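What follows is one structure encoded as structure tokens, with my remarks underneath.
The values are calculated or read from the model by the stated rules, or taken from the named source; none is laboratory data. Because the structure is a prediction, the values reported are computed rather than measured. Because the Cβ atoms are built from the backbone with ideal geometry, glycine has one as well, and the counts that use them run over all protein chains shown.
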Amino acid sequence: MSAAGELRALPGVDRVMAALDSDMPHALVAEAARAAVAEARAAVQRGRPVPSFGDIVEAARRNLGATRRSRLQRVINATGVLVHTNLGRSPLGPRQLQAVVDIASGYSNLELDLSSGARGDRHAPVAVLLSALTGAEAALVANNNAAAVLVTLAAICAGRDVVISRGELIEIGGGFRIPEVMAASGARLVEVGTTNRTSIRDYAAALGPDTAAILKVHPSNYRISGFTAEVPAPELARLAHEHGLPLLYDLGSGVLDHDRAPAFAAPEPAAAQALAAGCDVVLFSGDKLLGGPQAGVVAGRADLVRAVGRHPLMRAVRPDKMTLAALQETLLAYLEGDPGSLPLWKLAQTPEDALRKRAERLAAQLKDRGRGAQAVPCRAVAGGGSLPERTLPSWGVAATEPEPDAMVLQQRLRQGDPPVIARIVDDRVVIDLRTVDPEDDPTVAAALASALSAAP
Ligand SMILES: *Cc1c(COP(=O)(O)O)cnc(C)c1O
């Protein structure tokens, strides 16, 4: 056949679509078919043989599968990483979700003061709770902590110097780098000390007429150990205040108060203690160890928080009503002394023995189905840039069959329905139950059995 004849022999998109017989939206099926036919045409033009109709339909089906998998969907987190940024960080509990449903399915007093009938402040309801929890004079909320840091620097420090230790010029995942955020805010970075050691004299020597603030940043996702020194918050606050300057502290993970947080979070700095130590503004995430929705809290001195609230960027990064509804219920759980009701804390506080029993039960169920599996002890982590050196004892299920290869098994689990995201430890796929809701155990068992029995 001539090249032109071969191209004419390729099926039309309509025929491929008909063969797919998919219930996905027409436009998506059409795109999957179009891409498969285009790929076949390109191959023929490169001198390859004309693919069979069946091959083209298979390619279109794969395209459609990839489109379906690219949808935002529920997955089972079997990684043992509690705050997994790629998996949406903190899960929300029934109470938080109900609040979102109540507020978002109808109208709300989002910006209406019900007492006076005047325009209200969307931050006010959570600000009251944040003050009660942390002792802050005032608070407001941005879309996430990166935005909170950006607006705070822009509002308080633009055009002036911000003094920070070289040991705290950190990068968090996802492109959040302190020097770059600083540049975007219009503040000038003044680095002091060295990577491993910064003293109070280093800070003092850098303060001058152009200084707007001292910034302390919690190096969330790593630890410098060995010959190190950092200046504790109270000492730094004293120095800042002697010079009439505010001390800003980016806490990262969002522990509210050591006296209310589960013991697991103890090594992280907490908002209440940082403010009590003299910090003027603290900043933290809503969806890390706080266990709430994505948000960034700015809390501290009323005049500074007010300045942040008035900055034009604040309008661009303000949270929506669903976030505020979920955050309000999260904060209420703490105020009522019940943070253990938050899914993140439930998972973190599940006794090791309960995890072991579940792992043994799952392994037994898999053996009953003729699949090789074993309960194994493992270590879970907080993740989300917090507690980098802390691990939590956990239990998981490991496949003991030599086939398929761990990477293949991991991929099959990831492409299942629902996807199960597992990790590989010592060349074996391990389903870490620390991050799995017990109600999902049967689903996990079925997913593992089917991934193990699929043809290699
Ligand atoms: C995680 C983190 C941020 C970014 O917070 P997001 O809520 O992800 O925007 C900023 N600073 C520190 C120290 C962090 O740990």
Working only within the range 194-204, note down all residues that are outside any helix (DSSP H, G or I) and among the small types (G, A, S). S199
Of the residues that make up the range 307-325, is at least one in the same structural domain as R177 (by TED's automatic domain parsing), more than 16 Å from the chain's Cα centre (by Cα), in a loop (DSSP other than H, G, I, E, B) and within 12 Å of the ligand (Cβ to nearest atom)? yes
Residue pairs meeting the criteria (Cβ under 7 Å; at least 6 apart or on separate chains; first at negative phi, in the range 286-302; second among the charged types (D, E, K, R) and more than 11 Å from the ligand (Cβ to nearest atom)): R301/E137; R301/D280; A302/E137
Would the range 113-123 turn up any residue that is surrounded by fewer than 21 Cβ atoms within 10 Å (Cβ to Cβ), within 16 Å of the ligand (Cβ to nearest atom) and of a type outside the set (G, A, S)? no
Given the residues N145, N196, which is the only one that is away from the ligand (no atom under 16 Å from the Cβ), under 29 Å from G383 (Cβ atoms) and not aromatic (F, W, Y)? N196
Among residues belonging to the range 177-193 that are within 16 Å of the ligand (Cβ to nearest atom) and not in a helix (DSSP H, G or I), point out the one that is modelled with the highest pLDDT. A187
Among the residues of the range 20-64, how many are touching a residue at least 40 places away in the same chain (Cβ under 8 Å) and assigned to a helix (DSSP H, G or I)? 9
May I ask you to list pairs of residues, at least six apart or on different chains, whose Cβ atoms are under 7 Å apart, with the first in the range 141-157 being assigned by TED's automatic domain parsing to the domain that holds L248 and farther than 15 Å from L324 by Cβ and the second being within 11 Å of the ligand (Cβ to nearest atom) and of a type in the set (F, W, Y)? N145/F284; A146/F176
Scope the range 329-369; condition more than 22 Å from N77 (Cα to Cα) and either in contact (Cβ under 8 Å) with a residue 12 or more places away in the chain or touching a Cys at 6+ places or on another chain (Cβ under 8 Å) (or both); matching residues: E329, L331, L332, A333, Y334, L335, G337, R369
Within the range 158-176, how many residues are more than 16 Å from the ligand (Cβ to nearest atom) and either on the phi < 0 side of the Ramachandran plot or within 27 Å of the chain's Cα centre (by Cα) (or both)? 4
Taking the criterion of being modelled with pLDDT of 95 or more, within 13 Å of the ligand (Cβ to nearest atom), of a type outside the set (D, E, K, R) and on the phi < 0 side of the Ramachandran plot, would at least one residue in the range 125-142 satisfy it? yes
Let me spell it out: the conditions are (1) touching a helix residue (DSSP H, G or I) at 6+ places or on another chain (Cβ under 9 Å); (2) more than 16 Å from the ligand (Cβ to nearest atom); (3) assigned to a loop (DSSP other than H, G, I, E, B), and G292 meets all of them except one. Which number is the exception? (2)
